Every structure is written in C-alpha cells, then in structure tokens.
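Undergrad: Pasting in a structure now, in structure tokens, and then I'll have a few things to ask.
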Amino acid sequence: MVTKTSKGILFKELTWDDLEEWVGSRVLSRGRSYQRNHQVKDLGRTQDEGLIAWVLGGDEYATHVYFDDKKLISVCTCPYGANCKHAVAVVLEYLDQLKKNAEVPLIDKKDERLELLEDSSDEGSWEDEGEETDEYDEDGEEIEMNFPASKKPVKTPSLSLRDFLDGQTKEQLIGLVEDLSGKYSNVREDLQHRQDLSRGSVNKIVAAVRKEIRELSSEPGWRHHWNNEGYIPDYSRVKDRLESLLSRRHANEVVALGKELLEAGTRQVEMSDDEGETGMEISACLDVVFRALPQSSLPPVEQMLWVIDAELQDEYELCNGSESFWEKKQKASDWSAAADILVERLNLLKIDKSEDSFSRNYHRDGLTNWIIRAFENSGRNEEIIPLCEQEAVKTKSYGRLVNVLREAKRFQEAEQWICKGIKATQKELPGIAKQLRDTLREMREKEGDWQGVASFRVDDFVQSPSLEAFKEMRKAAERAKVWPAIRLAALLYLETGKLPQIDPSWPLPETGVREASEIRKNQFPVTDVLIDIAIWEKRPDDVLQWYDHRRSKREASWGWDIYREDSIAEVVADRYPDRALAIWKGLAEKQIAMTKPNAYQTAAGYLKSVRELLIKLRREYEWKDYLSKIRQVNARKTKLLEILDRLENRRPIVEGK
C-alpha cells in the first residue's frame, strides 16, 4: 500500500464533484473513458507526492498531477498543457489502484517523463487552460483528436548565409546567381528589375508593375477554411518594386501606379471571399504610395486632395496608411484652398436617381466631413455650423449638427434641432430618431434634471419593456425621488397596457419628443418581463403567479424555458421547494430526452440542484428513488449512467463501487 502522507492522502479524499469542479464535466467524462479503456501506462508516484504516467491518445503523453496548497494541479505534454483528460485519467487510474490495494511505485528523479514535462512547460502549451473541445460522431461517441505531442527542440549548429557567401570567390558567386536565376523565375525577374533600375529604365519598370497589378487583380481572392484551399494574391513583389522606385526618387511614378492599384484593388476586394487577406496585401502596397506623395511634384493642395479622394473611395480599409501622410502638418492656407475645392464639389454634387438614399447620403456626408475638417484646420470655424444646418435637412445628418452645436455651447439651438430631427426621422429612420432622443437624455443628465431623465427612461421602457430598461428607469427615478410611484405604474402597464403618463397624478414632466407607436392589447400582460422583474426583486409569489399564467396560456417556448425556468426554481426554492423540484426535474428530463452527451451534462446541473435541495430538506430518500427511476428508464444510455454515478453520492471516489 501507498504510505499516507500529508499531500498523498488528498487523492483519497477526492469526490466526483471535486474532479468536475477542477476540469469541467466534459473533460471529466473523456478522462474517465481514457482510464476505463486502459490508456494510462506506467503509473508512478513522484517526489512531490504527486502522480505521473504515460497516457495514450493522439500520441503518447507524459502527465504529472499533484497538489499545491490543497489545489489540484496538472502538467501534460499534450497540446492543452494542463487540466486535460489525460490528467483526469491518471487520477482515476491511481484511485482504481488504491481500491485494489495495488502498490504504485515511486519513480526515479531522472525519469524521462519529468524531463519531457520540463521542456514542455518551457515551450508553453498551444491552448489556454480550460475545457477541451469535444468532438462526437453521429452516435454520440467521442472522436480522438490527433495533435502532435510537444517535443524537445533539437539544436543543430548552422553556418550563417553571410559566412557561406564570404567564403565564395567572385566566379563562384556569379555561378551561384546564374544557377538560381535559371531555376527560379522570380529571382530572374528581380535581377532584371535591379538591372533596369541601374540603367535608368524607369518606364520599363513602371510598365512591368502595371502589368503585374492587372494580372494579380484579375481574379478575386477566396478561402475555404474547411479544406484549407484558396487563392490569395501575392502583392509582395509589387510592394518591393514600389519601394525600389521610391528609393530612387521616382515618387511621381509610384503615385501614378498607386491610383491604378487603388481602383483595381477595390474592384478585386469587392469580389473576394476571404478573411481580409487580399485587402491587407493591397493596403501594404498603398502604404508606400502615401509615403511617396510628399516627395512627388504635386502641389501640396493636390497631394491633400489625392489622399482625401482615396479615403472617400475606400470602403474596405485599404487606405489605413494615409495616417503617415497626415502626420506631416499641412499649412492653414492649403487647408483653406482644399476646403474651397471641396465645397464647390459639394455644391455641384447631383442626385443620382439610380442610387438609394442611404448610399447617396453616405457619400455626401463623407465629403461634408472632410469640408468640416478643412474648415477647422484653416481657421474658418464660423462656416461649420451653417454647412451642418444645410446638410442636416438634405441628408438627415441631425446628429452631426447637434454635436457641433453642443461643442459650441449653443445648447438651446441643439435641443431645437433635436426636436426637428426626431419629427423628420421617427417614421422612416427610427434609428436616427432614437440616437437624437438618447442625446437629449444625456443633455438632461448633464444638467442634473433627473425628472427629465426619468421621463425618457419611462418612454424607453414603454416602447421596449425589458428587465434592463426597468433597471435604467429605476436608477433615474430614484435620483428624482419618485421611484415608488413609477414602479407601480410600470408594473401596471406590463399587466394591463395602461400607459403610465396618462394618470393625472403622474409625477414626471413630458419629454416633448415621445415616440408615438401603436400598442397592441393582446400583448398584455407581458409575462416574460413581469417574471424577470419578479426574479430580480426576489418576489417568489409573483414569480409563480406569472409563471403559471404563462403556462396556462401556453406562451412558453423551448428557448424561454431554458433561459428562465432555472432562475425561477432558484427564487422559489425556499418558499415553494416542491415547485422548484418539479421545475428542475422537468428541465433535466427534457435534456435527457435529447439523447446527446452535451445535453446529459446540462441535465446534470439541474439534477445537482434537485439533490442539494432534497438534502437540505432532509429528504435524501426521495433523491435516491428519483435517481433510481431515471436509471431504469434510461438503462441503455451509457454516458448518462456515468454522469448519474457521479451524482449518486458525494463520498470519496475510492469508497464508491
């Protein structure tokens, strides 16, 4: 027998609940399968009174489990590194040996597994600690995930490339370059590019880059992650050649190529179906173009307009490199000249009837934003508000105007425009109207007008009843010292549909911008929100009242049950334990009926709640009878029975059957 020591004895005291709390139910289940299938080999005890073994999985893994300050710790050479199924299997194998009174030997300090584990910890695990990802076949059986085991890297001495080249003669180097050029077309083309640069054949290089841009952009990028197939265009050579041209002070050519690249690249990204890789390739090339602009012969104003036009055209974040251009401070006079040109464009902008209103307003607003920036940087701030007023009516950009007015501390005008904006948008553009209402509420908060804020929160609650809206309403109403009256009116509204504001004794002022909407009588009472609020306020009688009402009307849906019934049972358990037990049993039985391993794990949570409540009520006999009935009905569900074994009692595992 193993000698009982301060740490070693802790393994004997482990319960199924302890292991589940350590790694989670899924990993525990998989570890149990590993141990039962005899995948733990050469189990031994370590000097720190822990356990070590080989565990067979996708590879052969070394696994060490031990206690640190009564906390179970594991290290493994598998991809997860810690708290894995292999560690569970080692613990269970050790406990099984204890049941058999079999001796587990003490290993040598130089055991190979200890060295592997030390190397593995230095390299770090592939995944964060936590539950492993489970894979199941159609029958619900676990599929072994094959990952390579962590291996100690082999260090071999290597000669640096420079050392190798330094040791070659001139003739040998020429021969090497000629050989590589003959074998690899990209080497040959790069050498030709360098030769053209040295000869000053810029036009030839530009033509080659232009041709490559056309070829690369002719096919959309795509990626299928399921089979790791796809096509992502490689623009690295385009980028290198742009860099070469720029380094030789051919900035004008780089800028000209950049315009073509942006147009072709935008079309390509628009057609591509990848994770943004194609756009990143193009963006890296455009970074060079933005650095070339200040070195080009274009006047400063034209440079600025080039970048502005590129950003206005960019819908795929291809022009992030423009920041390098704007880092250089532009003159106020240049900003002013750019502003005049942009204003003229805005005035000449015609309505394209083929465009929808959203696209039209989006493009116009983008141009307006640049005009505002130009006005700010040129000191023409007095022109900003008139421009925003003009555009607010045309593009419904009331939010921008309101923000500008608030920054100028013209709060009364801001409020007037909010009211105009809500009236103009609440039917066709309700999202804008809501943003304006939220802005007005924020203004009331800054003013300290908590009655006004509470009025807005009541309106929000009436329009979209929810527990979160109820909480926000309570915060404001408590600050306004009117919460008791507001609460009663809000609950009455949920029960009957009676609007709180129509009561003559209503303590709050009108917002002045209330959104009118039809309220359907058949949606009351709003039982789901009434239940949520009663749960939050811990009112078990009301929870059951509305829960029973909902069930009687057959309003409950599957998703609703999963979301709320567990919380309902928790709230009513002390006062109405039998109702709580019935709810938890119903939830568990629904999960068991799904015949899926994941559902069994979910059912275990509800069964635990049943067990704990019955133990608290000193009715353990009912728990045993109920568990026995579940076993009889589901005798063929092996994985469920494993879970029931763990739930049956909380004695140490070594004392179980």
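The values are calculated or read from the model by the stated rules, or taken from the named source; none is laboratory data. All of these numbers come straight from a predicted model, not from anything done at the bench. Note that each Cβ is placed from the backbone with ideal geometry, even for glycine, and that neighbours are counted across all protein chains shown. For accessibility, only protein heavy atoms count, side chains too; no ligands or nucleic acids. Shrake-Rupley method; radii C 1.70, N 1.55, O 1.52, S 1.80 Å.
Undergrad: Under a point spin-label approximation (7 Å from Cα along Cα-to-Cβ), what is the Lys394-Glu302 distance to one decimal in nm?
TA: In this crude label model, Lys394 to Glu302 measures out at 2.7 nm.
Undergrad: Could you report the accessible area of Phe325 in Å², rounded to 10, computed with a 1.4 Å probe on the protein chains as they sit in the structure?
TA: 0
Undergrad: Which links in Lys553/Lys624; Lys538/Lys585; Lys41/Lys624 stretch past 28 Å when you go from one Cα to the other?
TA: Lys553/Lys624; Lys41/Lys624
Undergrad: Percent of accessible area on the chain owned by carbon and sulfur, 1.4 Å probe?
TA: The computed percentage sits at 48.
Undergrad: Using just the helices of the chain, give the 222 nm mean residue ellipticity in deg cm²/dmol: DSSP H runs with n ≥ 4 each add -39,500 (n - 2.57), and the total is spread over all residues, rounded to 500.
TA: Using -39500 (n - 2.57) per qualifying helix, the result is -19500 deg cm²/dmol.
Undergrad: With each pseudo-label sitting 7 Å past Cα toward Cβ, what's the Ser552-Asn347 distance in nm, one decimal?
TA: It works out to 7.2 nm between the two label points.
Undergrad: Full-extension gain between Asp449 and Gln47, please, as 0.36 nm times their residue separation minus the C-alpha to C-alpha distance.
TA: Result for the pair: 137.8 nm of gain on full extension.
Undergrad: Going down the list Lys328/Lys396; Lys259/Lys328; Lys204/Lys239, which pairs span over 27 Å between their C-alpha atoms?
TA: Violating the 27 Å limit, Cα to Cα: Lys328/Lys396.
Undergrad: Hey, with R₀ at 51 Å, roughly what FRET efficiency would Trp222 and Lys608 work out to, going by the Cβ-Cβ distance, to 0.05?
TA: According to the calculation, E is roughly 0.60.
Undergrad: At 0.36 nm per residue, and after removing the present C-alpha to C-alpha distance, how many nm does the segment from Arg410 to Leu106 gain when stretched out fully?
TA: Using 0.36 nm per residue and subtracting the Cα-Cα distance, I get 101.3 nm.
Undergrad: Something else now. So how far apart, in nm, are the two label points at Arg249 and Glu60 if each is 7 Å from Cα heading toward Cβ?
TA: Distance between label points: 6.8 nm.
Undergrad: Could you tell me which of the pairs Lys409/Lys498; Lys12/Lys639; Lys434/Lys475; Lys475/Lys608; Lys471/Lys608 are separated by over 29 angstrom between their Cα atoms in the structure shown?
TA: In this structure, Lys409/Lys498; Lys475/Lys608; Lys471/Lys608 exceed 29 Å between Cα atoms.
Undergrad: Just one of (1) 42, 29, 29; (2) 41, 35, 23; (3) 58, 51, 20 is semi-axes √(5λ) of the Cα gyration tensor in Å as worked out from the coordinates here. Which one is it?
TA: (3)
Undergrad: Between Leu312 and Ser333, what FRET efficiency follows from the Cβ-Cβ distance if R0 is 22 Å, with the result rounded to 0.05?
TA: 0.45
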